[in-house]
Amino acid sequence: MPDTIVDIRGLRKRFGDNEVLKGIDLGVTRGEVIAIIGKSGSGKSTLLRCINGLETFQDGALTVDGEALKHHDAKAMRALRQHVGMIFQSFNLFPHLTVGRNVMLAPALVKQRAAKDGEAQARKLLERVGLAEKFNAMPDQLSGGQQQRVAIARALAMEPAVLLCDEITSALGRRRHDLADGHARDGLRTQGQRPRGLHACRAHP
Ligand SMILES: Nc1ncnc2c1ncn2[C@@H]1O[C@H](COP(=O)(O)OP(=O)(O)OP(=O)(O)O)[C@@H](O)[C@H]1O
Ligand SMILES: [Mg+2]
């Protein structure tokens with residue numbers, strides 16, 4: 001098992017004439033927590049999207065857990081996303097599903113987790129982010145910060161080896177900010193068999 005879980009060398013990404021990533025080098029070891037700070041539009045989300053294969057790039061090399069990204073291989077990309085979790089800047093909760101079902105969906109579909117186990121795990125994770133009583137609520141009945149906390153629980157439910165967090169605390173208050181940091185670190189350490197890498201991205205702490 002390689003000690004470097006994310007390895008990026010000379011990464012270049014442009015949208016048309018706009019070169020956003022200009023030769024990024026970054027190594028993340030297992031269990032390491034990294035924050036990327038930069039002004040709006042500097043390319044933080046784009047970098048995270050490259051790491052989980054949502055964006056292609058023009059030049060450079062990027063490996064996750066020793067594997068190069070194979071953008072043209074749908075099966076390989078699905079496998080990658082099973083161990084690279086992402087919490088999006090805009091939360092992206094499924095609006096037609098309750099909070100509990102949002103957390104339970106991916107483990108049930110992708111990991112074939114039994115409904116009873118999935119529900120127990122979802123309730124535990126929601127309790128940890130302070131939302132135990134919202135299990136049956138719909139996303140549009142939640143505040144922005146609460147939606148963001150559901151998104152954290154949902155990502156942790158997949159027990160990812162790498163967790164990409166795109167300004168996950170932007171809608172949270174200062175106290176919750178520290179709490180979320182703790183939950184994420186703790187969740188990554190205790191949920192699986194091995195230490196996990198958390199890759200955090202926060203422009204406006
Ligand atoms: N799909 C796209 N097509 C064209 N340009 C894009 C696209 N996505 C991002 N960009 C451009 O790439 C640059 C970096 O955007 P990105 O979203 O990565 O910034 P960011 O650092 O995450 O900003 P913020 O702090 O506001 O979230 C911006 O100039 C943006 O306009
Ligand atoms: Mg962004």
> How big is the gap, in Å, between the Cα center of region 87-128 and the Cα center of region 9-39?
Replying inline: 29 Å
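If you build the convex hull over the alpha carbons only and average its shadow over all orientations, what do you get for region 104-152? Give it in nm² to one decimal.
Average projection, Cα convex hull of region 104-152: 3.3 nm².
Against the 2.2 N^0.38 Å scaling, with N counting residues, where does region 1-47 land? I'd like the Cα-based Rg ratio to two decimal places. All intermediate terms of the calculation are to be shown ahead of the outcome.
Details: Rg = 12.4 Å, N = 47, 2.2 N^0.38 = 9.5 Å.
For region 1-47, the normalised Cα radius of gyration is 1.30.
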>> Once the convex hull of the alpha carbons of region 1-119 is built, what does its volume come to per residue, in cubic angstrom?
In response: 149 Å³
> What nm distance separates the two modelled labels at LEU26 and ALA115, each placed 7 Å from Cα along Cα→Cβ?
Replying inline: 4.0 nm
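If neighbour count is taken as other Cβ atoms inside 10 Å, put MET104, MET86 in order from fewest to most. Please report the intermediate quantities before stating the final value.
Values: MET104 25, MET86 22.
Starting with the residue having the fewest Cβ neighbours, the order is MET86, MET104.
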>> Just to be sure I understand the curve: with the Debye formula and one point per C-alpha of region 22-79, what is log10 I(q)/I(0) at q = 0.19, 0.20, 0.24, 0.28 Å⁻¹?
In response: -0.80, -0.88, -1.19, -1.41
> What are the residues whose amide H is under 5 Å from the amide H of GLY27, where those residues sit 5 or more places off or on another chain and H is modelled from the backbone?
Replying inline: ILE8
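Every number here is computed from the coordinates shown, using simple stated rules; none is lab data. Since this is a predicted model, take the numbers as computed values, not measurements. Ideal geometry is used to build each Cβ from the backbone, glycine not excepted, and the neighbour counts take in all protein chains shown.
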